[in-house]
Amino acid sequence: MNIPPPIAMLAELTHRCPLACPYCSNPINLARKERELDTGVWLDAFRQATDLGVLQLHLSGGEPASRRDLVELTGGAREAGLYCNLITSAIGLTERRLKELEDAGLDHIQLSLQGTDVEMADHVGGYDGGYKRKMQAAAWIAERGIPLTLNTVLHRRNLHQLPRAIEMAQEMGARRIEVAIVQFHGWALRNRNQLMPTKEQAEDASRIVAEARKRLKGKLVLDYVPADYHTDIPKRCMGGWGMTGLNIAPDGQVLPCHAAQTIPHLKFESIRDSRLADIWYKGEAFNAYRGDDWMQEPCKSCEFKKRDFGGCRCQAMAIAGDATATDPTCTKSPLNHLVRQRVDGDAGDAEQPFVYRSL
Ligand code: FES
């Protein structure tokens, strides 16, 4: 098959993070600092990414500002010719560091928002004082005029704050807001009952987003990730496995998506040992679910198989125990009743305390 080059690369610089969000998409087994790639290996990876055809680099984590070499990495990414986006909680970003990042060529910031007030934000982030520091950083970003996207992850406990989050994005001068209803991977899967939105919340969110898109046309772009347990159609995860993007984990493993390590039989190669282009084109894990030869029924004969690729492989693994199964969030899946049970029967322990992410 014809494999296109990747458009984007997510560099998970570290799993260290001052926040402890219960929906963190990092794996349950986090990589410790001793296993992180050093500056030189990252810089070489950025050059290899450019050679491979990558256009956009997303510096992420954990919290990327936990890396002391963040400014150097940003400069290296720009030198390699990559559009450089920083995905951050802003904890650890001082005014001076922001200036250094801008001078190094940072193009864009995505700032995470855990809640629209101190109580919610610090509760969800598991970090007292986090909201205040974030608001200070948002003011510095606005003063410097760095292009900003506000990233919100919404769930059962904070979905009522969506209208205020949209207002805040405008007040901060953001050009875009990403409204993502929590997706159940990593730590979110562990907190599924606590985070699962009600049907009413999921419907409200879609309505609020649709109205805001009309009202704010030309002023604010709204990207929306709906609650996939509440939809009939599975998500077109990663734009197709191994087709549009790749991730490098803090220890150097190169992954087709951030949750790929939850598929236990896949073998991942490391940027320490192999060239990025070889991993992308020839790697076993990258080729595992490309195309549609791997599909089972009902995907195999489904008219939508080229639209949604059977949904998310990691979700199929998590719910069906088989990464080649139809994503059970699809109503055509024989296991769709398991998703419906979760949605309808989740209220029992929704008030249980969060299991916070910890390293
Ligand atoms: Fe891995 Fe969807 S999160 S394919």
Only one of (1) within 29 Å of ASN191 (Cα to Cα); (2) surrounded by fewer than 17 Cβ atoms within 10 Å (Cβ to Cβ); (3) basic (Lys, Arg) fails for LYS134. Which number is that?
-> (2)
What helices (runs of 4 or more DSSP H) lie completely within region 286-359 and have 2 or more residues being within 30 Å of CYS17 (Cα to Cα)?
-> 313-320
Scanning region 273-287 residue by residue, those surrounded by fewer than 21 Cβ atoms within 10 Å (Cβ to Cβ), in contact with a helix residue (DSSP H, G or I) (Cβ under 8 Å, 6 or more places away or on another chain) and either hydrophobic (A, V, I, L, M, F, W, C) or closer than 17 Å to MET238 by Cβ (or both) turn out to be ALA277
Within region 255-276, track down each residue that is more than 14 Å from the ligand (Cβ to nearest atom) and hydrophobic (A, V, I, L, M, F, W, C).
-> ILE271, LEU276
Residue pairs within 8 Å by beta carbon, gap of at least six or interchain, first lying in region 284-311 and more than 13 Å from the ligand (Cβ to nearest atom) and at pLDDT 95 or above, second part of a helix (DSSP H, G or I) and of a type in the set (Lys, Arg), listed first then second, are MET295/LYS305; CYS299/LYS305
Given PRO250, PRO226, which one is within 15 Å of the ligand (Cβ to nearest atom), under 21 Å from the mean Cα position of the chain (by Cα) and either buried (at least 21 other Cβ atoms within 10 Å of the Cβ) or at negative phi (or both)?
-> PRO226
For residues that are outside any loop (DSSP other than H, G, I, E, B) and without any contact (Cβ under 8 Å) to a residue 60 or more places away in the chain, tally how many sit in region 239-271.
-> 6
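The values are calculated or read from the model by the stated rules, or taken from the named source; none is laboratory data. Since this is a predicted model, take the numbers as computed values, not measurements. FYI the Cβ positions are ideal-geometry reconstructions off the backbone, even for glycines, and counts take in every protein chain you see.
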